[in-house]
Amino acid sequence: MQSDEVEQEFGVPIPGRILPQEEWARTAVKRLPEAGPLDFGSIFGREAPLMLDLGCGNGRSTLLSALARPEVDHFAIDVLPVVIRYATRRGNQRGLANVRFAVKDAETFVARYVGDASANEVHLYHPQPYHDARQAHRRLVTPRFAVDVHRALKPGGLFVVQTDNPDYWAYMTRLIPHFFDFEEHPDLWPDSPQGRTRREIIALQRGLKVFRGVGRRRNAIDEGQALELARKLPAPTFRTRGPWCDLDRLERESP
């Protein structure tokens, strides 16, 4: 693909244009250190608001936000190296100095590599629901994960979540309000009505309902109180239903 061209997937443009090669950036974090937390100021070479994109996939949501908000730094991770390769290439080609991509699972990343009150926003789009009941223990959104996100956010920071799985959403809407002032966002995202993510685009094109919400950190709860609360809340042992198994497979076929 030549410079200044626009990429598309499922008929929807990927945010940004490919720049001449001399304007490309370097967005890959090849290896995370053995221990955290990360010094995001050193990573980006400046002090700026920080957005974390957990499970960024091929980078669409990160690119969208980074292009619209050059004053905000974006650190995006995914557990799959293949999708991070696509995301990194796209970030490089768009010259995004305010973006970094790394391979890491979200649970470990937030718990180990994000310091207290480090981020202004945490975005989590379509976490894997693990339809097989034997895999339910692998679900990301748990009471302990909510505590870690709460700890990682600055006072008043935002936790943005989205899923097309109604059973996961029912669990999220019971759990998240314990730690965040949470509001459902029933409408399409105005910055990307066709979908912020690849998964959202596929779901909308298939006529599935997409559930969205924004939580603001409840500052009156300290970490000790949050941990004590988490011990009393249920794990995500819900059972899933519907056409999402096929959709999960389709999403992963071509990043």
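The values are calculated or read from the model by the stated rules, or taken from the named source; none is laboratory data. Note that the structure is predicted; figures quoted are calculated from it, not measured. FYI the Cβ positions are ideal-geometry reconstructions off the backbone, even for glycines, and counts take in every protein chain you see.
Quick notes on this structure:
- Scanning the stretch 113-146 for residues that are under 19 Å from Ala28 (Cα atoms) and surrounded by fewer than 20 Cβ atoms within 10 Å (Cβ to Cβ) yields nothing.
- Tally, over the stretch 114-145, of residues that are over 15 Å from the mean Cα position of the chain (by Cα) and more than 19 Å from Val72 (Cα to Cα): 12
- Considering Phe40, Phe75, the condition of being in contact with a Lys or Arg (Cβ under 6 Å, 6 or more places away or on another chain) and among the aromatic types (Phe, Trp, Tyr) is satisfied by Phe75 alone.
- Each residue in the stretch 1-25 was checked for being in a loop (DSSP other than H, G, I, E, B) and touching a Ser or Thr at 6+ places or on another chain (Cβ under 9 Å), and 5 pass.
- Any hit, the stretch 22-41, residues being among the hydrophobic types (A, V, I, L, M, F, W, C), surrounded by 14 or more Cβ atoms within 10 Å (Cβ to Cβ) and within 30 Å of Gln205 (Cα to Cα): no
- Scanning the stretch 76-96 for residues that are in contact (Cβ under 8 Å) with a residue 24 or more places away in the chain and either under 14 Å from Ala25 (Cβ atoms) or small (Gly, Ala, Ser) (or both) turns up Ala76, Ala87, Thr88, Arg90, Gly91, Asn92, Gln93, Arg94, Gly95, Leu96.
- Check on Asp78, under 13 Å from the mean Cα position of the chain (by Cα) and within 24 Å of Ala117 (Cα to Cα): yes
- Check on Ala68, under 29 Å from Glu7 (Cα atoms) and either touching a helix residue (DSSP H, G or I) at 6+ places or on another chain (Cβ under 9 Å) or of a type in the set (A, V, I, L, M) (or both): yes
For every residue, the table says whether it meets (1) over 30 Å from Leu63 (Cβ atoms); (2) at pLDDT 95 or above; (3) polar (S, T, N, Q); (4) surrounded by 13 or more Cβ atoms within 10 Å (Cβ to Cβ).
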site: Trp169; (1), (2), (3), (4): no, yes, no, yes
site: Ile176; (1), (2), (3), (4): no, yes, no, yes
site: Asp187; (1), (2), (3), (4): no, yes, no, no
site: Thr197; (1), (2), (3), (4): no, yes, yes, yes
site: Ile202; (1), (2), (3), (4): no, no, no, yes
site: Arg231; (1), (2), (3), (4): yes, yes, no, no
site: Pro243; (1), (2), (3), (4): no, no, no, no
site: Asp246; (1), (2), (3), (4): no, no, no, no
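- Annotation: Arg17 fulfils all but one of (1) free of Cβ contacts under 8 Å to residues at least 12 places away in the same chain; (2) surrounded by 11 or more Cβ atoms within 10 Å (Cβ to Cβ); (3) basic (Lys, Arg); the unmet one is (1).
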